[in-house]
Amino acid sequence: MYNVDISLAKNFPLAEKKNLEFRSDVQNLLNHTQYTNVSTNLANVDFGQIAGARAARSIQLQLRLTF
């Protein structure tokens, strides 16, 4: 399995004790297809066929206020 994940964050100071953080998390950044459930039984008519794939790229955005 080949997967690239990345996380970026930026802090914005609002006041002396207040801070706003913006964060972005990306799983499977390059969006490579990852196949699952390959039939390896020689007696099966579905031998060698791919029955599924893992989830595609996922992006999560967060905004946090600390005080």
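The values are calculated or read from the model by the stated rules, or taken from the named source; none is laboratory data. Model, not experiment: these values are computed from the prediction. Heads up, the Cβs are rebuilt from the backbone with ideal geometry, glycines too, and the neighbour counts pull from every protein chain shown.
A few remarks follow.
- Listed here are the strands (runs of 3 or more DSSP E) enclosed by the chain that have at least 1 residues being in contact with a Leu (Cβ under 6 Å, 6 or more places away or on another chain) and loosely packed, with under 12 Cβ neighbours inside 10 Å: 6-13, 58-66.
- Every pair of residues 6+ apart whose Cβ atoms lie under 9 Å, when the first sits in segment 27-38 and is within 9 Å of Asn3 (Cα to Cα) and modelled with pLDDT of 85 or more while the second is β-branched (Val, Ile, Thr) and outside any strand (DSSP E or B): Gln27/Val4; Asn28/Val4; Leu29/Val4; Leu30/Val4; His32/Val4
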